[in-house]
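A short worksheet on the structure shown next.
The values are calculated or read from the model by the stated rules, or taken from the named source; none is laboratory data. Source: prediction; values computed, not measured. Note that we place each Cβ from the backbone using ideal geometry, even for glycine, and neighbour counts take in every protein chain shown.
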Amino acid sequence: MRRERRLQVVEIIVVILLSILAPMIALWKVFFHVGYIYQRDSYPAFYLDSRQAALSYLNFPMIIDNVWMPLVFILYFNLISPVIAYWITYLLFPYAISVPSMYFSSRYFLNRYAKETKLWVKISVSSTIAFLYAITPTAYYFSHWSNYAAFYALLPALIAGTFYSLEKGGLSGAILLSLFASLTTTDPRGFVYTLFIILSILIYRHKLNDLKVFLYSIPFYLLLNSRLFVVLFYNFHSYSSISFTISNQQLWLNYFTFSLLDSLRGLSLFRPLVSYLSFGNPLLIYVMSFAFVETGILGYIFLKKKGSPANYFLALYLFLVFLVSSYVNVLGYNIMLNLTYPLLNFLAQTFVYSYLWLFLPTYLTEMILAPLFLLVSLVMAKILSKHYLIPLFILIVLSQFTFSSSMVISGDYLGNYNPVNPSPLLVNLAKFLENNTIGNVLVDAIVPSNWSTFIEVLPNVTSAFLVNTSSVGTILNEYGIQYVVTTVNDNYTLSIINSHKNVFTLVYNDSYFLVYKNNDFTYNINSPIFINFEYPKIPNTNSSLNVVPSYLMFDIPPKYIGGYFGNVTYAELLAMSAYKQGILPVKLNVKHLPYPNNFTDTINVNVYDEEILSEFPSISFISVSNTSFLNLGVKPGFYKVVLVYVSLPGGGVFGVTNGSYSLSVSTSSPNISIVFSYLGNISVSNSVKLFFIGNSLSYLIGVMFIPYNISIQNELNGNNISSYPYPQLGRAFGYPYNDNNVISFSIMINLITLLITVILFISLLYARTYFRKITLKIFHHN
């Protein structure tokens with residue numbers, strides 16, 4: 001007994017040491033550098049105090065990651081600073097957490113299904129596998145997002161925990177299953193993938209008692225994750241919008257880009273971001289990168305098959321690999337696989353499209369390596385048990401380490417991890433704005449280049465122009481701007497501010513940053529909505545009005561449109577008058593395609609898409625790059641046709657045709673701009689088609705078929721609507737949503753249910769409650 005306890009202590013020490021060593025080795029160059037990391041999207045809100053940071057992690061959409069909760073509580077009670085918490089997270093997820101997760105999962109399966117294996121072999125294999133799992137190229141890639149990294153790290157624990165919970169059975173097994181499932185509920189994908197893993201294990205085991213355990217775990221799981229479901233319920237409008245945006249921008253990435261050989265190694269789409277050919281012999285390193293793949297698949301042949309989880313590991317691994325793979329290259333020929341793409345093509349044309357981002361192959365790769373490494377652990381235990389195969393064991397380990405070596409050698413994930421700390425000047429400025437701002441903030445300042453990314457995440461920063469006009473304060477208010485931030489060395493901005501001293505009041509001065517309050521700022525603007533046809537030029541108004549760019553006109557209910565700004569063309573006035581009278585743009589039945597080879601609303605990552613999205617925030621467009629036709633559902637009649645498009649260099653030709661007569665316009669222009677074009681008149685009797693001629697990317701915003709006899713309204717009357725400051729758009733309409741009460745309520749539910757679950761589990765563990773009798777009746781009834 002004492003010897004077993006000593007060995008347990010030794011194992012725990014080994015796991016702790018490896019958990020510390022893994023992030024130290026993976027990020028050796030920056031391990032002791034406490035700071036914030038630019039994680040492809042932005043820096044975090046560096047100016048929050050501990051309690052504010054804790055609450056921000058509970059807000060939408062950062063509401064799901066359960067493994068964050070201990071850190072959130074520590075932050076809330078001000079036991080550590082936000083920057084220390086942030087530093088801990090990029091070491092924990094996935095590097096440190098992967099070690100105990102994979103180690104104890106491997107040990108569980110070796111204990112359960114390789115009982116004849118010696119203890120030193122089990123410890124050696126489990127520790128080796130755990131360390132290598134923590135530093136794979138896949139681990140590095142997903143480390144940029146803590147929720148993805150946490151799922152990757154904890155997936156082995158979910159697999160082993162599900163097997164253990166189902167074998168334990170009873171109500172205690174159900175509670176355990178809900179706890180393991182809650183660990184990997186790290187984001188919406190984590191929730192879906194957790195359910196997938198559990199269901200796959202249920203199918204593999206196909207036992208009635210397992211199904212009972214699963215069903216009885218559901219109420220406990222819902223209780224443990226009540227915070228998630230309560231907040232999602234109240235924020236579903238935001239969640240749905242984010243979901244659609246992600247699908248719209250990422251679906252095309254997942255077509256025909258996944259090599260089978262990359263998928264086998266867990267690389268898939270992000271293969272270009274994982275460089276392992278920067279040193280040594282590229283061909284040799286490439287061959288060595290398949291060491292675990294070969295060990296798992298070939299070693300499976302020599303394992304006991306009956307009752308072994310190796311069957312499940314191999315089946316899950318191969319299923320996921322082939323599911324995400326697009327093609328395999330054989331002797332220079334690409335053999336297409338695309339098993340999942342016909343289904344994606346079908347679902348993309350249904351309401352499911354908004355949620356396809358949950359199932360995209362980009363993220364399915366999170367699950368590929370865990371079953372492979374667990375399978376390899378069973379094989380390696382077999383190899384290490386034979387003394388004469390120890391050199392083979394060492395070769396396999398060295399080969400897998402070589403696969404990750406370029407990452408490890410870089411010490412900072414090939415330069416992607418660069419912890420920095422903002423200047424105290426930035427921190428103090430940000431805290432002032434955080435504590436005093438209810439509107440938006442315009443930053444027009446000259447700062448060092450390495451400060452710009454921190455400037456972007458200052459509280460309520462919005463994009464607008466500071467125009468030297470007598471109505472400067474009114475115009476800024478139309479963008480919801482309460483404060484203007486500049487620097488003492490920005491003479492141009494200061495000259496504008498100083499020439500309108502009645503509009504601006506200095507409220508903050510630290511001898512570097514200057515903050516001026518806009519005296520014309522009002523939180524709400526109550527007026528009709530006016531269309532700005534000269535965007536990005538700012539209209540000169542005497543009083544604050546609700547103003548939106550022309551490309552957003554079709555997103556505004558017509559009853560609120562009260563006028564326009566700019567020297568409008570006939571096409572612009574015709575389109576607005578018709579829209580005001582209830583004539584909507586034709587609904588285009590476009591495809592959600594991987595690339596715009598015909599009319600599609602998919603957003604492709606290219607220079608024009610990025611520039612358009614940057615210059616025209618919140619724009620929605622239809623793109624096309626090859627000659628294409630699209631049937632339009634237009635009733636018979638005689639119509640005026642207006643096309644709204646984005647002009648750009650080298651653009652193609654858009655037009656409409658009834659079969660015998662066509663109208664068209666070229667979108668080619670030296671500058672990128674929004675254009676309303678009156679094409680002419682056309683008669684529709686049977687059918688009419690939208691067409692595009694060209695071989696370069698072009699962008700359509702809408703097409704209107706306006707009855708010929710409709711009149712143009714020169715004077716428009718619109719209903720008043722209230723707007724409030726909203727950094728992404730300047731202003732938003734309606735009223736801001738306050739979810740503080742929802743968050744407090746959901747946290748309280750979580751704490752109560754977690755306490756009840758812990759008490760219940762402890763009671764079941766010691767068999768001292770009435771639930772023991774319930775368990776026996778439910779699960780052992782003949």
TODO: Taking the residues in the stretch 124-168 that are more than 13 Å from residue 99 (Cβ to Cβ) and among the β-branched types (Val, Ile, Thr) as candidates, determine which candidate is surrounded by the fewest Cβ atoms within 10 Å (Cβ to Cβ).
DONE: 138
TODO: Go through the residues of the stretch 328-340 one by one and say whether even a single one is over 28 Å from the mean Cα position of the chain (by Cα) and within 22 Å of residue 161 (Cα to Cα).
DONE: no
- [ ] Evaluate the stretch 93-116: report whether one residue or more is surrounded by fewer than 22 Cβ atoms within 10 Å (Cβ to Cβ), touching a His at 6+ places or on another chain (Cβ under 9 Å) and either at pLDDT 85 or above or not assigned by TED's automatic domain parsing to the domain that holds residue 306 (or both).
- [x] no
- [ ] Inspect all residues belonging to the stretch 409-424 and state whether any of them is in a helix (DSSP H, G or I) and surrounded by 21 or more Cβ atoms within 10 Å (Cβ to Cβ).
- [x] no
TODO: For residue 373, indicate whether it is under 20 Å from residue 603 (Cα atoms), assigned to a helix (DSSP H, G or I) and not small (Gly, Ala, Ser).
DONE: no
Task: Within the stretch 3-56, considering residues that are acidic (Asp, Glu) and part of a helix (DSSP H, G or I), the one farthest from residue 426 (Cα to Cα) - done: 4
Task: Among the candidates 385, 308, residue that is within 20 Å of residue 130 (Cβ to Cβ), over 32 Å from the mean Cα position of the chain (by Cα), modelled with pLDDT of 80 or more and not aliphatic (A, V, I, L, M) - done: 385
- [ ] Hey, can you tell me all the residues within the stretch 620-651 that are of a type in the set (Val, Ile, Thr) and under 32 Å from the mean Cα position of the chain (by Cα)?
- [x] 622, 624, 644, 646
- [ ] Quick one: residue 401 ticks every box in (1) surrounded by fewer than 19 Cβ atoms within 10 Å (Cβ to Cβ); (2) touching a residue at least 24 places away in the same chain (Cβ under 8 Å); (3) closer than 21 Å to residue 33 by Cα; (4) not assigned by TED's automatic domain parsing to the domain that holds residue 497 except a single one, so which number is it?
- [x] (3)
Task: Selection from the stretch 111-147 of residues that are aliphatic (A, V, I, L, M), in contact with a Leu (Cβ under 7 Å, 6 or more places away or on another chain) and assigned to a helix (DSSP H, G or I) - done: 119, 121, 125, 130
Task: Subset of the stretch 693-734 [hydrophobic (A, V, I, L, M, F, W, C), surrounded by 19 or more Cβ atoms within 10 Å (Cβ to Cβ) and at pLDDT below 90] - done: 697, 729
